[in-house]
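No value in this document is a laboratory result; all are computed from the given coordinates. Bear in mind that the values here come from a model prediction, so they are computed numbers and not experimental data. Cβ coordinates were reconstructed from backbone atoms using ideal geometry, including for glycine residues, and neighbour counts include every protein chain displayed.
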Amino acid sequence: MLANLCLQLHDQFDMEVVCDGQGDMPARVEKVGVSVHPVPLTTKWSFAAHIPRLAALIRSRKPDLVHLHGQFAGSLGQIAVQLAARPPSVYSVQWPSYLDDTGAWSRLRNKTAERVSCGGATMVVAVSEHDRKELLGRRLCDPSKLIVIHNAYFIEDSAASTPAAPPSSAPVIGFVGRLADQKGCEFLMRAAPRVLLTHPSARFVVVGDGPERGRLETLVHQLGIASSVEFTGYDPAPARRMRSMTVLAVPSIYEPLGMVALEAMACGLPVVGSAVGGIPEAVEDGRTGLLVPPRDSDAIARALDRLLSAPALAARMGSAARERAEQSFSPKTIAGQYAALYRRLLKTSS
C-alpha cells in the first residue's frame, strides 16, 4: 500500500518514506523521485530503540503531514511524532494489535498500543468496515476521526501481459500467502481429497512459505494427495502464477481485508474465501466468488466442486471479480481517496 500511494501520488505531493530499507519497495519509489530514509525498524524492539532518531528526522524534515502504516509505526512511531512537535498524522490500521492477543498481558499491551496509535493520530483509517466496527466496539478510537479506506490490489506489470491458462487445461486451485495458522491452508488441504474424487485431474498449487510449511507437506502425504499438490515457496510476483489458476482459495481464519483476494479478483479469478473479517467486503458471495465458514473443509470442498463443475459460472464470476476489483480496489481509486484525505487535513492544519 505504501508503494502504491507513492507511485500514484508522487506528482501531487512531495513525499518521503521512512522504512527499514528491505525488499524492493525502496527502489520502486526512488525511481519516481520519492526520497527514502532507511532506519532499522524490523521489530518492535528496534523500532522502540530508534524513536529518538525518528523524532529527530521528523523535526529536521518538517513534514506537513505524517502517514503511519501498521502496528509498530502507529504506536511507537506516534510517540516519535509527539516528540517532534506533533505534525498532523494519519494512522492506517493495516494489522490491528488485538489480532495478536494471546493472554491477559498481551491483551493489555495491545489495547494500550492501539489506544496510543488511535489517540495520537489526527485521522485513523480502517481497511474494512469490519475493522471500523471492531475498533469502535473495543472503544479504541474516537468515532469522529475513524474512516474506512480499503487497501488496493497491486498487480505487477509483467502479470498483466501473462496469458491466462487455456480453457482446456486441468483445473488449478491456488493458494497464495504465508503458511501460518491464520491463513488456514490446512483446511484447503483437508478439502482436497473430496475435490479430487470428482475432479481427479485437478491440481493444488500453494504459493508461499512460513512456519507451517513442513507440517502441511506432511499432511498432504498423510492424506495421499502429494502427487496433486505443489508447494512452490515464496514468489515476489504471485499475480503471474494466479493467471494460470482456475480459482483461488482464501481459507483464512481471520483477515482485516484480504489482499490476496483482491489480487486474484484483479486477475479475473473467482475466489472461494472464508466469511471472516473484511473478506466479505471484497468477495461478493455468488457474484465474484463463494464465501464459506472458516475452518470448514467440507464447505470449501463443496464450493470448489461447484466452480470446477460449472466452468461457465466460474468464468462469469471471474469477469465480475475483475470488474469489481478495477472499480473499487484499483491503486488509482484507493490513492484518490487518500489524496482527498491528505488535502483535507493539510487544509485544516494550514
Two pseudo-spin positions, 7 Å from Cα along C-beta at residue 148 and at residue 178, lie apart in nanometres by 2.4 nm
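Based on the mean of other Cβ atoms within 10 Å per residue, sort peptides 337-346, 248-257, 144-153, 288-297 so the most packed one is first.
On the way: 337-346: 15.7, 248-257: 24.2, 144-153: 18.6, 288-297: 20.8.
The most tightly packed comes first, giving 248-257, 288-297, 144-153, 337-346.
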Out of 99, 82, 172 - ranked by how far each Cα lies towards the positive end of the dipole of the chain, with unit charges on the beta-carbon of charged residues - the top one is 82
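Per the helix-only calculation at 222 nm, which mean residue ellipticity applies to the chain, given -39500 (n - 2.57) for every DSSP H run of n ≥ 4 and division by its residues, nearest 500 deg cm²/dmol?
Taken over the chain, the calculation gives -14000 deg cm²/dmol.
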So the angle from the long Cα axis of helix 185-198 to the longest Cα principal axis of the chain, reported in degrees to the nearest 10, equals 20 degrees
Two pseudo-spin positions, 7 Å from Cα along C-beta at residue 20 and at residue 298, lie apart in nanometres by 4.2 nm
Yeah, the range 157-328 with a ≥ b ≥ c from its alpha-carbon gyration tensor (a/c under 1.5 is rounded, else prolate when a/b outruns b/c, oblate otherwise) is rounded
Note to self: C-alpha centroids of the range 14-49 and the range 315-348 sit apart, in Å, by 24 Å
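With respect to the cross-link table entries 183/347; 31/111; 62/145; 31/332; 44/183, which display a Cα-Cα separation exceeding 29 Å? Each step should come with its number before you reach the end.
Working: 183/347 41 Å; 31/111 38 Å; 62/145 23 Å; 31/332 18 Å; 44/183 23 Å.
As for pairs spanning more than 29 Å Cα to Cα, those are 183/347; 31/111.
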In nm, the gap between the two label points placed 7 Å beyond Cα toward Cβ at residue 32 and residue 139 is 4.2 nm
For residue 231, other-chain or 5+-apart residues with amide H closer than 5 Å (H placed, Pro excluded) are 206
Rounded to whole angstroms and listed largest first, the alpha-carbon spread of the range 1-150 along its three principal axes comes to 43, 31, 30
Expected sort for 109, 139 with the fewest Cβ neighbours (10 Å cutoff) up front is 139, 109
One computes Rg over Rh for the range 52-114 from alpha-carbon atoms, with the Kirkwood Rh, and obtains 1.05
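If each residue of separation counts as 0.36 nm, what is the full-extension length gain between residue 197 and residue 86 once their alpha-carbon separation is subtracted?
The span from residue 197 to residue 86 would gain 33.9 nm if fully extended.
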The value for the chain (convex hull of the alpha-carbon atoms, volume per residue, Å³) is 135 Å³
Those cysteines in the chain that have no second cysteine Cβ within a distance under 4.7 Å are 6, 19, 185, 267
